[in-house]
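Beneath this line is the structure, given in structure tokens, with notes to follow.
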Amino acid sequence: MSERFELLVRGGEVVTPDGIALADIGVRGGRIAAIGSLGGSGAADVLEAKGLTVLPGAIDTQVHFREPGNEHKEDLETGARAAVLGGITAVFEMPNTDPPTTTAAALADKLKRAKGRMWCDHAFYVGASPENADKLGDLEGLPGCCGVKVFMGSSTGSLLVPDDETLRAVLAHGKRRVSVHSEDETRLRERKAIAEKSGDVRDHPNWRDAETAVRATTRLLQAARTFGRKVHVLHTTTAEEIAFLAKNRDLATVEVTPQHLTLEAPECYERLGTLAQMNPPIREAGHRVALWQGIANGTVDVVGSDHAPHTRDEKAKRYPASPSGMPGVQTLVPILLDHVAAGRLSLARMVDLTSTTAARIWGLANKGALAVGRDADLTIVDRKARRTITNRWIASRCGWTPFDGMTVTGWPKATVIRGAIVMRDDEVRGKPIGRPLEFAETVG
Ligand code: DOR
């Protein structure tokens, strides 16, 4: 029987929960209507995917788009443009803006700003603070909110939950999984002189050492256990945390970033200087190896980019006055595809880490898999393309990437969001059709 679709994605290698096979995908009403041999069907629009691979839309669960307050680094439009150029179909945006997203009014303001300007689907984190701890149960349930974010250690911006008493007050309110930047504030303060004295970015992983992260993650899990509250440890960086979190899978999910999987100290600091400065820091080889073991043995649940743009001028300040963070939303998919091509993880595992598990953890019922009835969010890639990542390609307002000059195997060729082609061959198309994400009860 021939059917009529709004969009037919023809002849791609399609990655479904049942395996990888050549198939067509028919889209109707923004949803996947059929997967299979749809040769006789008509369609308003056809996307030829022969030789390409069709993945469920990649969700970047950690980006900083800087609006309001720091639009000279990025805004919601430029950040989302970078996202779809990189094959990302949805983002969770962080609350350390200016003002920070700590109230219902600040969340409503972000959603209003996003309307008609976002190229991808999106949700916003609410930041925890001593002042709003008892209101977080209400705030986390507001439409367009992906949950609560806690900074246990100071990073960019003013958000901070520095002590156990406040941390417990935060975890006592609400029920969704809480996402945490896990560095111990007391130890950061005690050791800051290391960075100030040397003025050398190579000391970044010495100031913010492994123990700083391990202490915070240990304290976090103690508090989480008291309340039976689930947590998500963002940008995990140490071998010790990977081993510890592997034993706490009932409560904690684990994120790592492409930067920590790809770059290594001290080489990255020698080559990139403060461009490689982020919190928590890029560490030595042993930690990087442990992150890969965490990917292989299932301890790591999610890869998020921690897209954190700063201008080159800001980055050129003398360390440690230079701000921490690197852009990454546009390079997440190509960097991971390159790791797939090098045999460091399978394509199916990449799909888990960039889409399926995030959709499950956060209760995004319509996302996360290529299956009939789900949103037609597609990250269409050429697994064999050899391309060089360059600063010129970067759409983020900051205009640079730590991966400038790196040749990768694997490239995003098209981004489809609810059936609309928003990126094709390195060009953004159509209108910014991104919508707030809808969350079911969290199940992860
Ligand atoms: O390096 C970082 N930069 N880590 C963070 O936690 C925040 C981020 C930013 O917003 O710049």
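For E6, state whether it is over 26 Å from T357 (Cβ atoms) and not in a strand (DSSP E or B).
When the stated conditions are applied, E6 does not pass them.
Does the range 345-355 contain any residue that is closer than 21 Å to W119 by Cβ and away from the ligand (no atom under 16 Å from the Cβ)?
Yes, some residue in the range 345-355 is closer than 21 Å to W119 by Cβ and away from the ligand (no atom under 16 Å from the Cβ).
So if I check each of G153, G147, which one is of a type in the set (G, A, S), surrounded by 18 or more Cβ atoms within 10 Å (Cβ to Cβ) and within 13 Å of the ligand (Cβ to nearest atom)?
Just one listed residue meets the conditions, G153.
With K192, K110 as the choices, which residue is surrounded by 19 or more Cβ atoms within 10 Å (Cβ to Cβ), part of a helix (DSSP H, G or I), within 16 Å of the ligand (Cβ to nearest atom) and among the charged types (D, E, K, R)?
Values: K192 fails: surrounded by 19 or more Cβ atoms within 10 Å (Cβ to Cβ).
Result: K110 is the single residue among K192, K110 that is surrounded by 19 or more Cβ atoms within 10 Å (Cβ to Cβ), part of a helix (DSSP H, G or I), within 16 Å of the ligand (Cβ to nearest atom) and among the charged types (D, E, K, R).
Look through the range 49-73, keep the residues that are acidic (D, E) and more than 23 Å from S355 (Cβ to Cβ), and return whichever of them is surrounded by the fewest Cβ atoms within 10 Å (Cβ to Cβ).
E71
What single numbered condition from (1) in a loop (DSSP other than H, G, I, E, B); (2) of a type in the set (A, V, I, L, M); (3) in contact (Cβ under 8 Å) with a residue 40 or more places away in the chain fails to hold for L160?
All conditions pass for L160, except number (3).
Are any residues in the range 298-326 within 13 Å of the ligand (Cβ to nearest atom), assigned to a helix (DSSP H, G or I) and open to solvent by 10 Å² or more (accessible area, probe 1.4 Å), and if so, which ones?
Within the range 298-326, E314 is the sole residue that qualifies.
For a quick check of your reading of the model, give me the residue pairs whose first member lies in the range 360-376 and is closer than 16 Å to T89 by Cα, whose second is part of a helix (DSSP H, G or I), with beta-carbon atoms closer than 6 Å and at least 6 apart or on different chains.
If the second residue must be part of a helix (DSSP H, G or I), the pairs left are K367/A359; G368/S355; G368/T356; G368/A359; A369/T356.
Picking from H72, H122, which residue would you name as being of a type outside the set (A, V, I, L, M, F, W, C) and within 16 Å of the ligand (Cβ to nearest atom)?
Checking each option against the conditions leaves just H72.
Can you list residue pairs whose Cβ atoms sit under 6 Å apart, with the first residue in the range 72-91 being at negative phi and the second being open to solvent by 10 Å² or more (accessible area, probe 1.4 Å) and part of a helix (DSSP H, G or I)? Count only pairs 6 or more apart in sequence or on different chains.
Sorted first by the residue in the range 72-91, then by its partner, the pairs are L76/R113.
The values are calculated or read from the model by the stated rules, or taken from the named source; none is laboratory data. Computed from a prediction, not measured in an experiment: that's the story for all the values here. FYI the Cβ positions are ideal-geometry reconstructions off the backbone, even for glycines, and counts take in every protein chain you see. Only protein heavy atoms, including side chains, enter the accessible area calculation; ligands, DNA and RNA are left aside. Shrake-Rupley method; radii C 1.70, N 1.55, O 1.52, S 1.80 Å.
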